[in-house]
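K.L.:
My questions all concern the structure below.
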Amino acid sequence: MSGRRLPVAARIDRGRPIRFRFDGREHQGFEGDTLASALIASGVGIFGRSFKYHRPRGVLAAGSAEPNALVTVGTGGRQEPNVRATMLEIFDGLEARSQNAWPSRRLDVGALNGLLSPLLGAGFYYKTFMWPPKAWERVYEPLIRRAAGLGRAGIEPDPDRYEKTWAHCDLLVIGAGPAGLSAAVTAARAGARVILADEGAEPGGWLLDDGGDASSALREDLLAELRAAPEVRILPRATVFGWYDDNVFGALERVGKHLPPDPDRPVERLWRIVARSAVLASGAEERPLVFAGNDLPGVAMASGIRRRLVGQAVAPGRRVAVVTNGEAGYSLAAALESREVEVAAILDCSPPSAHDPERYAPARGDWRGGQAEDWRGVARIVRGRPLRAVGMRAVEALEIERRDGSRRRLAVDAVAMSGGWSPNGQLACQRGARPEWSEARQAFLPPIDQPGLHVAGAAAGLVGRAACLADGARQAVAALGEIGLAAAPAFDPAPEDAPPPRALGAQGSGRGKSFVDFQNDVTVDDLARARQEGYGHPELAKRYTTSAMATDQGRMGAVNAAVILAEAQGLAPGAVPLTTQRPFFSPVSFGALAGAARAEAFRPARRSPLHAWSQARGAVFLETGAWLRPAWFPRAGEPDWATAVAREARMVRLAAGLCDVSFLGKIELTGADVPAFLNRVYLNGMAKLPVGRARYGVMLREDGFVMDDGTVARLAEDRWVLTTTTAKAEEVMAHLEFCAQVLWPELDVRLASVSDAWAQMALAGPKAREILGAVVDLDLSDAAMPFMGAAQAPLRGAPGVTARVFRISFSGELAYEIAVPADLGPAVADAIMAAGQGAGICCYGAETLAVLRIEKGHVTHAEIDGRVTAHDLGIGRMVSAKKADFIGRAMLGRPALTAAGRLQLCGLQAVDPAQAFRAGAQVLNAGAAPSLEGAQGHVSSTCWSPHLGRTLGLALVRDARARHGEEVQVWDGLRGETCAARIVPPVHFDPENRRLHG
Amino acid sequence: MADALTRTPALAGAPSGRFGLAAGAAPQVAVEALADLAMAQAFAAPGVDLDARLAGRGELRRLGPGQRLVMGATAQALGDLAPEVSAVEQSGSRARIGVSGPGAAVLLARGVGADLHPSRFAEGASAPMLFGRIGIVLARQGAERWEVLVPRSYALSLWEELLEAGRSLGLEARGPGGR
Amino acid sequence: MASLIDCPHCGPRPREEFSVRGDAAATRPDPEAGPEAWHAYLHLRTNPRGLHREHWRHSGGCRRWLVVERDVVTHAVHAVRDAQEGAQ
């Protein structure tokens, strides 16, 4: 309400005005303004309403720790709540809205919460709003939830792009203030690979806020040197939010948040930085003073006011009271007066013995770089303490108490407060280290030197530009020394400036709320209450009051809370520790964490060599894990998928069908000990498999349960190929490599995954033999190529190319699988389709494959669900009695795995052809009440069989093999449907397998 | 069937184009479909120096200890090295993508967690790693030139990921269909 | 949990390139060792507060099985070796 733009030099570009909207009203600022500075310059005082009490709030600080001025930016999928107005750089077309206020931020109905505040203290939901009990859920909670809260998240899809990247460096420097720039330059001169990350739009930190010529010149020189160094990467607008194991750091770069949307530019970029060493030069956060009304709009941090004054020529008001316990307030007063802003008084609230205020009064050349900001001595220095700030919706006066006990009321429209500095050491404490109170520095300090991370400058509690420059250089030398790089410090050691101000507890006892945590509306009274109710330990007090739990994570209030808790117990400040730090240092969007892995790109898709070929033939694709598999090939006029699938299944058994089975895992083995190895991983014998033959194999887990099934083919003396199911291909390969490398390293076995090298097709049906003959040059007669034969053969039309032919059948028809080099897959498929056209060949997909295999009782991972044994599946006789050892042998004989009452594989057929049942349904005895009690088993797979004219299934049912012919109920508890079915052997169609041997 | 069968390139269907470039601006990175090559996966018996035995058979790509991909050779062509070296046919199993330009390493770093600095990944070196979640073999062929081998089944997905990740750099993509 | 693993064949790589199988301390018993020995091998594990030896696989790289010695309290990785080195 009283802020304004000053006609003094600043870093804004007055030649480039920018128009933006806030709460629907148009404003104008300049390039270089943040939303906060532009709105304050426009005279805006209230930026929103607080979380719980709906108190009017203005801007408190400058930078990412801002707890009050949180706005919502953007609309639709770009809507972002809780954006700090102090960090938001304005651009043309920016639309921002205040939060948590209705109907407007100036006149907010929620302010009535303030009247209810006695009922809304810490932990209120355990003590109030309890009666009547039902009213909590129906009335109180929804109302309270609606009334509280900060911004609203958008729910539409986010149209923006996000990127992620890795980076490697010898030294990561976090923070580009004096200490950080010095560390980076020291490392650059040593030839190290450096990454310098700073949260601000421009690197410089305190050198920017200082405003003096010497600081500016120093900053320019250091940056010029860094920009010219080839192995230095500077990342502005990048917050390092986490320190992880092995010195990996996470950082969030705001690439496009300050610019209009651009489809090719990401809005944010997530960095994962592998740093061999790091220097934390993240500076220190100024502490608020705790007195009644310290949250009124117009009461702000001295450093925040200074940043806007120097950077954007924005004055906080016409008459400013400065309340300070250290040097910072004095230098701000001088900066204000030199820009013609009236300073009503400097209230020095440091303890009596702390220092002589005259020491700070004259302009101190070193910090201000020689530019004489005359402090005209107009403002009186008063020693005392602030009692309370008063005003309706903005500060109108400050009540103070002088050392002699007398009270005064200062009529002001802005209050600057400075309560000392809290080092930003959070990153250094994210991996278990704890900050310790330093009496000398009156601050909680992180451990200064940990392996891989060294703290420098104000983050280590130092004061003064020269001291920070020297410390940054020193720590860079130490960090590089740790990794074996020699470096010389860019700046010499220098003494520190004034001693640090004392950490103060609660100041004012005036009427009204004294805020400790602004964002969550936590007051001194809340902390007292927490202690009173037994939650005085800092970890408990934090959670009981929600202090330090907001998006600023205690950067503004945690130290004050700890000091207040200590004083309440009669202890010295620092006796009560801070709470545990964890990543993230500041909020990270989900978009940045996801990067490009969204929607279809969430998981990379795998495509068969015949993918485009199937697509061209109209296939409908379904996902199987990462694979895109053709499910069916609809033809014009077919009303639904079931019709297409039934047609395909009929054609396969009638004439011929071609199915892409490239998805199977294919592993090729060579080496002298392959036979012995295969014997140890399958439950049946493999070592004596003759050349030219294939065999069905089952692999167990070590605990005796079935893991996977597939085939093994021996193409030559020392050339074996095994297949796995699509779902378990990776797992089986990992298992086999474990066996070969860890369990039996003495065996000479070499494993190669060849899944991608071969296009593999199943050609099935009575006409399969004659069709195949047109494509491969091989004697396919029953004698030369019997069932389960395997051979390599020349491919017609591709001289020198060998195809692999296996007479294996998943469909139960006369069938072959042909594997050809992947790049010839589409051409061979075309050739097969052309050769079979006269016979009526069709393509078929995974759904039809399922129908055919269910009709023949072949199991997949629907049946092999990790709980079945070979005996359960009815293949117990496959288990070799001769082999001394194979995976799973020792445990498969356990009594429970062979006991009666186990679920066994069987078939189910619907009694009424018009009824159907689904996979997952429960099998109940006929006449039993629909319930899980007494359930006999479940259905694992179903299909509608065109050959039996009814719904078929495979199921796992108790003692099924003794119950063939029994009628049961199939009960779908989710849908409340029941169907009568009969237990039958799993092979529904052609049980004597006559068609296989055609 | 006496007519010759046509071969389909591993990157068939990969889109070409220019992405993220203002008119007249030069792309920082080019992503190119390289010609398919025969490939064989060679294994060494214990104690055998695989690189020495494979000298002169073609450029090698590291897959792991005792395993190499031999570029330009079929398994059959390496048959004479048996039994100390066994070879498995892998022609067609991988697509070859060339990534080049001043932004090549920047683009690759968006998917690869290994250190690609020339001091750690020299010209001629190759290694298996992940780009995002896709397993690749990366080889440095020059100061700003790389070859990426990707399993055929993932080729189009990786191509799309590279194009998406490179947009903010200004990228030119040249699929096999033409320039 | 470590963020980087220094694979003996490939150098330092992000954790995402690896998969963890479990305790490497257990040795596969003789097939005739009896159900108690097999039960212990499959189901029983000690859980020391400190150093563990685990089987990891560099599935996104050289695909070798490795033995990783790491401290579950500090997350420090003390050694990474190829599993075949001194395999039992």
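The values are calculated or read from the model by the stated rules, or taken from the named source; none is laboratory data. Predicted model, so just to flag it, every value in this text is computed and none were measured. So basically every Cβ, Gly included, is an ideal-geometry build from the backbone, and we count neighbours across all protein chains shown.
K.L.:
Return the total of residues in segment A:590-603 being of a type outside the set (A, V, I, L, M) and crowded, with 17+ Cβ neighbours inside 10 Å.
P.N.:
The initial filter retains those residues of segment A:590-603 that are of a type outside the set (A, V, I, L, M), namely A:590-591, A:595, A:598, A:600, A:602-603.
From the residues that got through so far, the ones that are crowded, with 17+ Cβ neighbours inside 10 Å too are A:591, A:595.
Looking only at that region, the number is 2.
K.L.:
Among the residues of segment A:762-779, which ones are within 14 Å of chain B (Cβ to nearest Cβ) and part of a strand (DSSP E or B)?
P.N.:
Quick first cut of segment A:762-779, residues within 14 Å of chain B (Cβ to nearest Cβ) only: A:770-778.
Within segment A:762-779, just A:V776 meets the criteria.
K.L.:
Do the conditions hold for B:A4, that is, is it hydrophobic (A, V, I, L, M, F, W, C) and either touching a residue at least 24 places away in the same chain (Cβ under 8 Å) or within 14 Å of chain C (Cβ to nearest Cβ) (or both)?
P.N.:
On the way: hydrophobic (A, V, I, L, M, F, W, C): yes; either touching a residue at least 24 places away in the same chain (Cβ under 8 Å) or within 14 Å of chain C (Cβ to nearest Cβ) (or both): no.
No.
K.L.:
Could we say that A:G692 is in contact with a Gly (Cβ under 7 Å, 6 or more places away or on another chain), at positive phi, away from chain B (no Cβ under 14 Å) and touching a residue at least 12 places away in the same chain (Cβ under 8 Å) here?
P.N.:
Working: in contact with a Gly (Cβ under 7 Å, 6 or more places away or on another chain): yes; at positive phi: yes; away from chain B (no Cβ under 14 Å): yes; touching a residue at least 12 places away in the same chain (Cβ under 8 Å): yes.
Against the criterion (in contact with a Gly (Cβ under 7 Å, 6 or more places away or on another chain), at positive phi, away from chain B (no Cβ under 14 Å) and touching a residue at least 12 places away in the same chain (Cβ under 8 Å)), A:G692 qualifies.
K.L.:
Another question about this same structure. Just need a number here: residues in segment A:88-133 that are assigned to a loop (DSSP other than H, G, I, E, B) and either more than 28 Å from A:A238 (Cα to Cα) or hydroxyl-bearing (S, T, Y) (or both). It would help to see each step written out before you state the result.
P.N.:
Taking segment A:88-133 first, the residues assigned to a loop (DSSP other than H, G, I, E, B) are A:88, A:90-94, A:99-102, A:104-107, A:116, A:120-123, A:127-132.
Right, trim to either more than 28 Å from A:A238 (Cα to Cα) or hydroxyl-bearing (S, T, Y) (or both) and you get A:100-102, A:104-107, A:116, A:120-123, A:127-132.
The total comes to 18.
K.L.:
Mind checking which pairs have a first residue in segment B:17-46 that is more than 13 Å from chain A (Cβ to nearest Cβ) and under 30 Å from A:A757 (Cα atoms) and a second that is among the aromatic types (F, W, Y) and assigned to a strand (DSSP E or B), Cβ under 8 Å, 6 or more apart or different chains?
P.N.:
Cβ pairs passing all conditions: none.
K.L.:
Of all residues in segment A:304-327, count the ones that are part of a helix (DSSP H, G or I) and closer than 19 Å to A:A397 by Cβ. Reasoning before the result, please.
P.N.:
We begin by selecting, within segment A:304-327, every residue part of a helix (DSSP H, G or I); these are A:304-312, A:327.
Still in the running and closer than 19 Å to A:A397 by Cβ: A:305.
Total satisfying the criteria: 1.
K.L.:
What's the total number of residues in segment A:88-108 that are exposed (fewer than 13 other Cβ atoms within 10 Å of the Cβ) and either within 29 Å of A:K542 (Cα to Cα) or of a type in the set (A, V, I, L, M, F, W, C) (or both)?
P.N.:
Number satisfying all stated conditions: 1.
K.L.:
Could you pull out the residue among B:G66, B:G72, B:G58 that is at pLDDT below 95 and either surrounded by fewer than 22 Cβ atoms within 10 Å (Cβ to Cβ) or within 12 Å of another protein chain (Cβ to nearest Cβ) (or both)?
P.N.:
Values: B:G72 fails: at pLDDT below 95; B:G58 fails: at pLDDT below 95.
It is B:G66.
K.L.:
For A:D830, state whether it is assigned to a loop (DSSP other than H, G, I, E, B), surrounded by fewer than 23 Cβ atoms within 10 Å (Cβ to Cβ) and among the acidic types (D, E).
P.N.:
Working: assigned to a loop (DSSP other than H, G, I, E, B): no; surrounded by fewer than 23 Cβ atoms within 10 Å (Cβ to Cβ): yes; among the acidic types (D, E): yes.
Judged against the criteria, A:D830 is not a match.
K.L.:
Hey, could you check segment A:848-876 for residues that are modelled with pLDDT of 95 or more and outside any loop (DSSP other than H, G, I, E, B) and say which is nearest to the other protein chains (Cβ to nearest Cβ)?
P.N.:
A:L849
K.L.:
Pick from segment A:35-63 the residues that are without any contact (Cβ under 8 Å) to a residue 60 or more places away in the chain and surrounded by fewer than 24 Cβ atoms within 10 Å (Cβ to Cβ): which of them is farthest from A:S117 (Cα to Cα)?
P.N.:
A:S42
K.L.:
Okay, next question. Counting only residues that are outside any loop (DSSP other than H, G, I, E, B) and touching an Asp or Glu at 6+ places or on another chain (Cβ under 7 Å), how many does segment C:34-51 have? Full working, then the answer.
P.N.:
The first filter runs over segment C:34-51 and keeps only residues outside any loop (DSSP other than H, G, I, E, B), leaving C:35-43, C:51.
Pick out the ones that are also touching an Asp or Glu at 6+ places or on another chain (Cβ under 7 Å) and you get C:42, C:51.
Looking only at that region, the number is 2.
K.L.:
For residues that are buried (at least 22 other Cβ atoms within 10 Å of the Cβ) and closer than 24 Å to B:P176 by Cβ, scanning just segment B:102-125, find the one that is nearest to the other protein chains (Cβ to nearest Cβ).
P.N.:
B:R110
K.L.:
Turning to a different aspect of this structure: Among the residues of segment A:632-652, which ones are touching a strand residue (DSSP E or B) at 6+ places or on another chain (Cβ under 6 Å), surrounded by fewer than 22 Cβ atoms within 10 Å (Cβ to Cβ) and of a type outside the set (F, W, Y)?
P.N.:
Within segment A:632-652, A:M651 is the sole residue that qualifies.
K.L.:
Right, something else. Say we look at segment A:941-998 and pick out the residues that are among the polar types (S, T, N, Q) and without any contact (Cβ under 8 Å) to a residue 60 or more places away in the chain; which of these is nearest to A:G765 (Cα to Cα)?
P.N.:
Just the residues of segment A:941-998 that are among the polar types (S, T, N, Q), to begin with: A:941-942, A:945, A:951, A:969, A:978, A:993.
Add one more test, that the residue is without any contact (Cβ under 8 Å) to a residue 60 or more places away in the chain, and what stays is A:951, A:969, A:978.
On the way: A:T951: 22, A:Q969: 34, A:T978: 35 Å.
Filtering first and then ranking leaves A:T951.
K.L.:
Oh, and also: Are any residues in segment B:126-147 aliphatic (A, V, I, L, M), closer than 21 Å to B:P27 by Cβ and away from every other protein chain (no Cβ under 11 Å), and if so, which ones? Don't jump to the end; show me each part of the working.
P.N.:
In the first step, residues of segment B:126-147 are kept if they are aliphatic (A, V, I, L, M); the result is B:127, B:129-130, B:134, B:136-139, B:143.
Still in the running and closer than 21 Å to B:P27 by Cβ: B:138, B:143.
The one that is aliphatic (A, V, I, L, M), closer than 21 Å to B:P27 by Cβ and away from every other protein chain (no Cβ under 11 Å): B:A143.
K.L.:
Look through segment B:136-179, keep the residues that are more than 20 Å from B:A12 (Cβ to Cβ), of a type outside the set (A, V, I, L, M) and in contact with a Ser or Thr (Cβ under 8 Å, 6 or more places away or on another chain), and return whichever of them is surrounded by the fewest Cβ atoms within 10 Å (Cβ to Cβ).
P.N.:
Applying the filter and picking the extreme gives B:G142.
K.L.:
I would also like to ask the following. Applying the selection to segment B:156-168, what residues are in contact with a helix residue (DSSP H, G or I) (Cβ under 9 Å, 6 or more places away or on another chain) and at the interface with another protein chain (Cβ under 9 Å from one of its Cβ atoms)?
P.N.:
B:L156, B:S157, B:E160, B:E161, B:E164, B:A165
K.L.:
Further question on the same structure: Checking the condition within 14 Å of another protein chain (Cβ to nearest Cβ), assigned to a strand (DSSP E or B) and surrounded by fewer than 23 Cβ atoms within 10 Å (Cβ to Cβ), which residue from A:E623, A:E737, A:E702, A:E731 passes? Outline the logic, then answer.
P.N.:
Numbers: A:E737 fails: assigned to a strand (DSSP E or B); A:E702 fails: assigned to a strand (DSSP E or B); A:E731 fails: assigned to a strand (DSSP E or B).
Residue meeting the stated conditions: A:E623.
K.L.:
Mind counting the residues in segment A:64-78 that are in contact (Cβ under 8 Å) with a residue 40 or more places away in the chain and either outside the structural domain of A:I12 (by the TED database) or out of contact with any Asp or Glu (no Cβ under 8 Å at 6 or more places or on another chain) (or both)?
P.N.:
Total satisfying the criteria: 2.
K.L.:
Considering each residue of segment C:31-69, count those that are charged (D, E, K, R) and either at pLDDT below 95 or closer than 30 Å to B:V148 by Cβ (or both), and give that number. Please lay out each step first, then the result.
P.N.:
Within segment C:31-69, the subset charged (D, E, K, R) is C:32, C:36, C:45, C:49, C:53-54, C:57, C:63-64, C:69.
Still in the list and also either at pLDDT below 95 or closer than 30 Å to B:V148 by Cβ (or both): C:32, C:36, C:45, C:57, C:63-64.
Of the residues in that region, 6 qualify.
K.L.:
Answer with yes or no whether C:V73 is away from chain B (no Cβ under 14 Å) and part of a strand (DSSP E or B).
P.N.:
Values: away from chain B (no Cβ under 14 Å): yes; part of a strand (DSSP E or B): no.
So C:V73 fails the test.
K.L.:
Quick one: which of A:D823, A:D748 is within 14 Å of chain B (Cβ to nearest Cβ), in contact with a Gly (Cβ under 6 Å, 6 or more places away or on another chain) and either part of a loop (DSSP other than H, G, I, E, B) or within 26 Å of A:P690 (Cβ to Cβ) (or both)? Quick ask: steps written out before the conclusion?
P.N.:
Values: A:D823 fails: either part of a loop (DSSP other than H, G, I, E, B) or within 26 Å of A:P690 (Cβ to Cβ) (or both).
Just a single option satisfies the conditions, and that option is A:D748.
K.L.:
Of the numbered conditions (1) touching a residue at least 60 places away in the same chain (Cβ under 8 Å); (2) part of a strand (DSSP E or B); (3) touching a helix residue (DSSP H, G or I) at 6+ places or on another chain (Cβ under 8 Å), A:A791 satisfies every one except a single condition; which is it?
P.N.:
Condition not satisfied by A:A791: (3).
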